[in-house]
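Colleague: Have a look at this one.
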Amino acid sequence: MDCRYLENSYELFLLGAVGETEAARIQEHLKMDCPNCARGLREAALALFALLQPAKPIMSTPSQRAHFLQRLKETQRPAE
Amino acid sequence: MILHPFQASSAGQTHFSLAQAAPAKYKQDLGSTRRKTHSKEKSARPARIVGPIGVERAESPARIAANETAAMAALFDQWAPPLRGMIQRLIPAPDEAEVVLENLFLRLWKNGGREIWNEGGDPEASPEAWLFIMARREAGSLRRKALGRASLRMPMDSLPQWLPQPHETGLLLSRLDLITRALAQLPKAQRQILDLVLYEGLTEIEAAEALKEPPGKIRDHVRAALSFVRQRLHTLMGTWTADI
């Protein structure tokens with residue numbers, strides 16, 4: 001099945017921003033182990049990683065870091 | 001302090017130096033043997049970038065799965081600043097953005113990293129790509145809610161299968177200045193629409209409504225912009241990879 005028409009939809013699919021019909025088509029291809037869609041999604045994930053890089057990272061303050069570490073220590077994992 | 005390659009000056013200008021950023025940020029692995037390399041050897045060919053200092057890439061999945069809080073803290077230290085910068089573009093309130101950020105890392109922690117490494121995905125998949133995409137999805141949902149927009153149906157069963165590997169994200173970050181310059185060549189109209197989709201959480205149809213343009217035109221702009229981005233990435237990263 002030709003999936004070239006999907007090739008510019010992968011980023012939106014990863015963001016959950018494609019229509020249901022288009023999302024279903026992509027998922028259908030992936031269930032068939034479509035190598036084009038798998039490769040396209042991998043490239044799209046990298047493209048999103050590039051597009052989402054901020055011009056200005058915001059460093060953690062000591063209190064933000066401490067708060068996270070506290071929550072980390074308090075967070076129990078579900079039993080295996 | 002571990003810094004993201006992009007560092008903004010107080011004047012808002014971005015500065016990037018590969019010479020400064022890459023060695024400070026990444027460990028370099030010149031082969032299976034972790035020998036101490038001489039500087040001449042390092043400069044003779046591009047090194048394979050395997051990950052940021054502070055995160056033992058090869059061991060991260062195992063260490064996180066083994067309940068090592070230090071590994072998770074290292075992951076947070078490395079990626080929280082750029083993630084926070086991204087999330088705050090969608091959720092300007094710092095406290096709300098921080099909740100999204102913390103919950104994302106804790107979600108990874110609770111399941112021992114299985115969402116990235118153990119669900120049929122690549123065992124060498126990059127956690128940072130997962131973090132950025134999932135953070136954008138979460139922040140996008142909240143952004144939409146704040147704007148009174150309906151939540152999107154967001155099927156995502158198999159993200160791990162499509163995550164890039166750390167050497168790819170590392171390579172991308174090491175070339176971020178070039179990539180950013182290339183992305184700046186996007187036509188203004190396309191960039192504007194892409195920003196609406198990425199940072200306002202709009203669908204193409206909603207972007208069309210916001211801009212009072214026909215949906216087909218907006219759709220074409222979005223697809224053209226994404227195609228442009230992928231082609232530029234392929235060129236900039238492909239050329240580099242060929243030298244490795």
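The values are calculated or read from the model by the stated rules, or taken from the named source; none is laboratory data. Predicted, not measured: the structure shown is a model, and the values here were computed from it. Every residue, glycine as well, gets a Cβ built from its backbone with ideal geometry; the counts of neighbours run over all protein chains shown. Protein only, heavy atoms only, side chains kept; ligands, DNA and RNA dropped before computing areas. Shrake-Rupley method; radii C 1.70, N 1.55, O 1.52, S 1.80 Å.
Colleague: In terms of solvent-accessible area of protein heavy atoms at a 1.4 angstrom probe, what is the ranking of A:75, B:69, B:235, highest value first?
Modeller: Per-residue accessible area, sorted high to low, gives B:235, B:69, A:75.
Colleague: Just counting partner chain Cβ atoms within 10 Å, what average do the residues of peptide B:82-92 show around their Cβ?
Modeller: 4
Colleague: Determine the total buried accessible area between chain A and chain B, counting protein heavy atoms only with a 1.4 Å probe; round to the nearest 100 Å².
Modeller: Looking at A and B, the buried total is near 5500 Å².
Colleague: Take the Cβ-Cβ distance between residue B:96 and residue A:36 as r, set R0 to 35 Å, and report the resulting FRET efficiency rounded to the nearest 0.05.
Modeller: So, using R0 = 35 Å, E works out to roughly 0.35.
Colleague: Checking the table A:31/B:110; B:188/B:217; B:145/B:212 against a 25 Å threshold on Cα-Cα, which pairs fail?
Modeller: A:31/B:110
Colleague: What does the charge count around residue B:199 come to, taking other residues whose C-beta lies under 12 Å from its C-beta (Lys +1, Arg +1, Asp -1, Glu -1)?
Modeller: Value of the local net charge: +3.
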